[in-house]
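Q: Handing you a structure now.
The values are calculated or read from the model by the stated rules, or taken from the named source; none is laboratory data. Worth saying up front: this structure is predicted, and the values here are computed from it rather than measured. Cβ sites come from the backbone with ideal geometry, for glycine too, and all protein chains shown count toward neighbours.
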Amino acid sequence: MSYDRAVEIAEKLQAAGVPATVDPRSATPPCVLVTPPGRTYDLGCGYTAAWQLWAIVPNPGNADAFKRLDILVGEVAGVVDVRGATFGSYALSPDSPPFPAYRIDFEEAISEP
């Protein structure tokens, strides 16, 4: 299941010293949020998971945020095979302001029984 794999990814990040979670309710920037993957059913017994991890830092989006995002993206790249990272923003809930963030993309094969 992809949720179990998301938890594993968050735990691997945490073991490397990166604050990470799969639940936006427990995300406190700076942190990495592991969200559900996109799925391409291109494997005989599973799919390719297109993960989007969000490196999120507190406001304001100034040079300090820029530096912290650089660090978080580098830390994530040391744990997973990052394919790309796109700067943007992420709101942790509908009633919260968006935070400066990078969407970090990577893919992997997921087998299903």
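Q: Which strands (runs of 3 or more DSSP E) sit wholly inside the stretch 31-113 and have at least 1 residues that are over 20 Å from Ala20 (Cα atoms)?
A: Values: elements: 31-34, 38-43, 46-56, 84-90, 99-111.
In the stretch 31-113, the matching strands (runs of 3 or more DSSP E) lie at 38-43, 46-56, 99-111.
Q: Looking only at the stretch 59-113, count how many residues are at pLDDT 95 or above, surrounded by 12 or more Cβ atoms within 10 Å (Cβ to Cβ) and polar (S, T, N, Q).
A: 1
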